[in-house]
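The values are calculated or read from the model by the stated rules, or taken from the named source; none is laboratory data. Here the structure is a predicted model, which is why all the values come from computation and not from measurement. Note that we place each Cβ from the backbone using ideal geometry, even for glycine, and neighbour counts take in every protein chain shown. Calculation scope for accessible area: heavy atoms of the full protein, side chains included, ligands and nucleic acids excluded. Shrake-Rupley method; radii C 1.70, N 1.55, O 1.52, S 1.80 Å.
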Amino acid sequence: MRIINSFFYSLGQGFKNIWRNKSFSLATVATIASCVFLFGLFYSVVLNFQNVVREAQSSVAVTVFFEPGTSDETIVAIGEEIKKRAEVSRLEFISAEEAWETFREENLGEYADSFGDDNPLEDDSNYEIYLNDVSMQDDLVAYLEGLDGVRQVRKSAIVANMLTSMNSLVGYVSMGIIFVLFAVSIFLIRNTVALGITVRSEEIGIMKLIGATDFVVRAPFVFEGMILGLIGAGLPLIAVYFLYNRAVEYVMTHFSVLSTVLKFLPVEEIFMTLLPAALILGVGIGFLGSFTSTRKHLKV
Amino acid sequence: MKDNTDNSVINLEKVTMKYEKNESPALENVSLRVDPGEFVFIVGDSGSGKSTLIKLLLREEKPTSGRITVNGINVGKLRHSKVSKYRRNIGVVFQDFRLLEDRNVYENVAFAQRVISTPGRDIKRNVPSVLSLVGLGHKYKSKPNNLSGGEQQRVALARALVNNPRLLLADEPTGNLDPKNTWEVMNLLEEINDAGTTVVVVTHNREIVNAMRKRVITMKKGVIVSDQRKGGYIDEDY
């Protein structure tokens, strides 16, 4: 019962402290909110960019052609073996007829009729293999070239390499920027929380001299830090949510040409990670900032 | 940690306190015993070691050498985690009152009970009672900055007394008060002492020391130069 009473008393004092020190509370919330807002914006951009790269990667395919006279059963068996590979996301069988039909439509136009019923691509039935990860293309190609009945393996090395490099680059740059943002956020927020506590060091001293334990002195400050962290993270998340939807709507309306290249992620998908990450960032830094800032004042 | 054979409230045995290694000691080889129910004045010039003595008794500082026992507890050996519990048996009053400015009179006094997890219903009973004792029952809603210096000191006294300490330490409790308020506070301290609480008052006020005829310990440059039963203020050129 006493623990519950202490918990609610400390929580209540945390709220009262926020009200009593309005200016510092506001400064802390503003600092946390600015950091989380930047973090949220950047995270949304990075996630969408990675999505564009992923989409591009998923369209990269390796094509496998078979030796002339390979039976349909052998082709099906080869297809089953290829499907088992970890790097393969899906494969499509293109028959000789489908290959010739597509070629005719795309390249020959009115001259196609001169071929009559002949199919110059009758030995060109093939599998189009799409990958989970483009960087694994070389491994797959080496495997395919070693299969019996395979005549030729065609790959798009330049595109694959470029996408792989771009994905790595985006990964490294975004990790670096998130790390810097995180470090700056911790520094700014901790300083603001620490300043708010320093101006109340006398109050802490009084509490200690009349017999308050470190826990009793610290608990309201820690609750205060966590509440400010929660508010500071919650407000920019709401802003990012509405801004993101507005921005997507704006781009799609005013730059409709981009809609074929850019596929924006739904805001829910972004918030699946952003929401817990930002809340943990805000509340966690509020907790750590107030916990460590009170420590030096407790040595009375 | 607790010495049950020693029934003194305060016992200092050859206590020396140096803040810095190469500086002269703030207290040097001080021995002193205060028994339950005593009223003691500690007087002396600035730099005589009075404040250091209070800091040691409150365990704000640890002695460089010697042994300090308060309520049977060896203060020098006290771990940080035990200090708060130790201080709950000591009431303390300062010259500058040290009230929580953003809380009203009731909350300032109640806070001393809250920090020791006193149940709410007991707080509601004890706080008005102790505020009546110091004559401030009617001002329980006032904020400290709306009170006179004397009233603020009485709130500080109420806060110091609400947990029924065995020992009350008052560091220059009348330093910021006019003569009328000074006497009100001193009369209150005497009443508290009559009720059984040991009272130690550090002061510069010659008039009250001479008028009250209590035990007077005079300090100079970190040593006790005089300890008189029913004594008076000794001149500075002693």
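Taken along the Cα-to-beta-carbon direction at a fixed 7 Å, the label points for A:Ala183 and A:Leu11 span 3.8 nm. Under a Gaussian network description of chain A, with springs only between Cα atoms under 10 Å, the residue in A:Ser44, A:Ser114, A:Ser59 that fluctuates furthest is A:Ser114.
Of the complete DSSP H runs in chain B, those spanning 15 angstrom or more by Cα along the long axis with a mean Kyte-Doolittle score not below -1.0 are B:120-133, B:149-161, B:179-194. Interface burial in the range B:105-145, defined as at least 30 Å² less accessible area with all protein chains than with the chain alone at a 1.4 Å probe, covers B:Phe111, B:Arg114, B:Val115, B:Ser117. At a probe radius of 1.4 angstrom, the accessible area of the range A:102-240 per residue rounds to 53 square angstrom. I'd like the residues of the range A:6-28 whose 1.4 Å-probe accessible area shrinks by no less than 10 Å² going from the isolated chain to the full set of protein chains. Listed by number, the residues meeting the 10 Å² cut-off are A:Ser6, A:Tyr9, A:Gln13, A:Arg20. A loss of 20 Å² or more of accessible area (1.4 Å probe, protein heavy atoms, ligands and nucleic acids excluded) relative to the isolated chain is seen in these residues of the range B:80-94: B:His80, B:Ser84, B:Arg87, B:Arg88, B:Val92. Taking every C-alpha pair closer than 8 Å and separated by at least 6 residues, the mean separation divided by the residue count of the range B:134-238 gives a relative contact order of 21 percent. Per-residue ellipticity at 222 nm, computed for chain A from helices alone with -39500 (n - 2.57) per DSSP H run of at least four residues, works out to -24000 deg cm²/dmol.
Our summary gives chain A a relative contact order of 33 percent, counting only alpha carbon pairs under 8 angstrom and 6 or more residues apart. In this assembly, the B-A interface accounts for approximately 2000 Å² of buried accessible surface in total, computed with a 1.4 Å probe and without ligands, DNA or RNA. The value of relative contact order for the range A:1-160, using C-alpha pairs under 8 Å at least six residues apart, is 32 percent. In this calculation the C-beta distance from A:Glu268 to A:Ile3 is compared with R0 = 51 Å, giving a FRET efficiency of 0.85. Protein heavy-atom surface of the range B:1-147, 1.4 angstrom probe: 44% of the accessible area is carbon and sulfur, with nucleic acids and ligands not counted. Averaged per residue, the range B:1-152 has 47 square angstrom of accessible surface, using a 1.4 angstrom probe with ligands and nucleic acids left out. Residues A:Asp118, A:Asp124, sorted by accessible area with the largest first, give A:Asp118, A:Asp124 [1.4 Å probe; ligands and nucleic acids excluded].
Here is how the number arises for chain B: DSSP H runs of 4 or more residues each give -39500 (n - 2.57), the sum is divided by the residue count, and the result at 222 nm is -9500 deg cm²/dmol. Atom-type composition of the exposed protein surface of chain A places 64 percent of the accessible area on carbon and sulfur (1.4 angstrom probe). The length gained on full extension between B:His138 and B:Arg79, counted as 0.36 nm times the residue separation minus their Cα-Cα distance, comes to 17.2 nm.
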